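Each remark here refers to the structure printed beneath this line.
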Amino acid sequence: MRRLALVALAIPLALVSLACVSSGGATGPSSAAAVAVNSPTIARIVERGELRVGMSGDQPPLNFRNKGGELAGLEVDLARGMAMMMGVEPTLVVRPFGELMGAIESGEVDLVISGMTITPARNMRVAFVGPYLLSGKSILTRSSTLAKVDETTDLDQADLKLAALAGSTSEDFVRAFLPKAQLSATVDYDTAIQMLLDDQVHAFVADYQVCVLHARLHEDAGLVTLERPLTVEPLGIAVAPGDSLFLNLIENNLGALESSLLLEGLRGRWLRSGVWVDELP
């Protein structure tokens, strides 16, 4: 625990060092013009002085609003690290998860970092960098019987009521592999959790880390989750297609964060230490 805390404290200083290395070199008028032609996305970001990153704001521990109403989480820190390495300010744009793909396609945001699984269907619309985290599908439930399932087929029951985030791979997972179950697609996690607490559904389908978190938060309500996820899913940074230089820049920056162990430090703080739970409202 002490080691994780030390790594987390070292992250801001180390990011500054990486930013100095990655953003070094003078940019004169001719080079700026070349950037505008070769990478309009980078030119736009530099001109604005900000990197616009889209996220849902309601996916703890990846991204959420803390007691003070500020955004926090692993992906929030990752977005800030990306902006720092580019020498610009981070601007976090909060949209419902189902609207994030449209936000990047319209140019409203430069990146989406919001627990988004890399899938063939999504990859036909946007490019992905990563993965920065491996996740998988799990369930949150009050039923001790459901909490012991280890096969997807065990959940495919006509009398089973499930909730999942609209537009997510969790919704796709239920529709594809649990067609007999009754699905309620919700606009956010809080709605799905409340439906479970009110006994309107038998289980909530979500990423494993999300289920583990809410099982801890609602232990008194008897919520439990699986010991291991049902699937393995890579989470990636979504980038608009058509700008290979910007894609390459994000790949290099993520690689630097990974190789420097700063990304591992973020995983330790937000996924394993639990020291941040008191920040939740």
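At-a-glance table
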item	result
ASN248 being in contact (Cβ under 8 Å) with a residue 12 or more places away in the chain and either closer than 25 Å to LEU100 by Cα or touching a Lys or Arg at 6+ places or on another chain (Cβ under 6 Å) (or both)	no
Residues (within 16 Å of ILE237 (Cβ to Cβ) and of a type in the set (Ser, Thr, Tyr)) located in the stretch 88-126	THR91, SER114, THR117, THR119
The listed residue being free of Cβ contacts under 8 Å to residues at least 40 places away in the same chain and in the same structural domain as MET86 (by TED's automatic domain parsing), out of GLY274, GLY255, GLY268	GLY255
Flag if LEU261 is assigned by TED's automatic domain parsing to the domain that holds PRO120 and either surrounded by 14 or more Cβ atoms within 10 Å (Cβ to Cβ) or over 19 Å from GLU151 (Cα atoms) (or both)	yes
Any chance VAL239 is outside the structural domain of ASP77 (by TED's automatic domain parsing) and either hydrophobic (A, V, I, L, M, F, W, C) or modelled with pLDDT of 90 or more (or both)	no
Among residues of the stretch 148-163, those that are small (Gly, Ala, Ser) and farther than 16 Å from LEU197 by Cβ, counted	1
When residues of the stretch 149-171 are limited to those that are in contact (Cβ under 8 Å) with a residue 60 or more places away in the chain and in a helix (DSSP H, G or I), the one nearest to THR186 (Cα to Cα)	THR169
Members of the stretch 45-59 found to be out of contact with any Leu (no Cβ under 8 Å at 6 or more places or on another chain) and without any contact (Cβ under 8 Å) to a residue 60 or more places away in the chain, listed by number	VAL46, GLU47, ARG48, GLY49, GLU50
Which numbered condition ALA238 fails, given (1) out of contact with any Asp or Glu (no Cβ under 9 Å at 6 or more places or on another chain); (2) closer than 30 Å to ILE45 by Cα; (3) surrounded by fewer than 22 Cβ atoms within 10 Å (Cβ to Cβ)	(3)
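The values are calculated or read from the model by the stated rules, or taken from the named source; none is laboratory data. All figures in this text were calculated on a predicted structure; none of them were measured in a lab. Quick reminder, even Gly has a Cβ in these numbers, built from the backbone with ideal geometry, and neighbours come from all protein chains shown.
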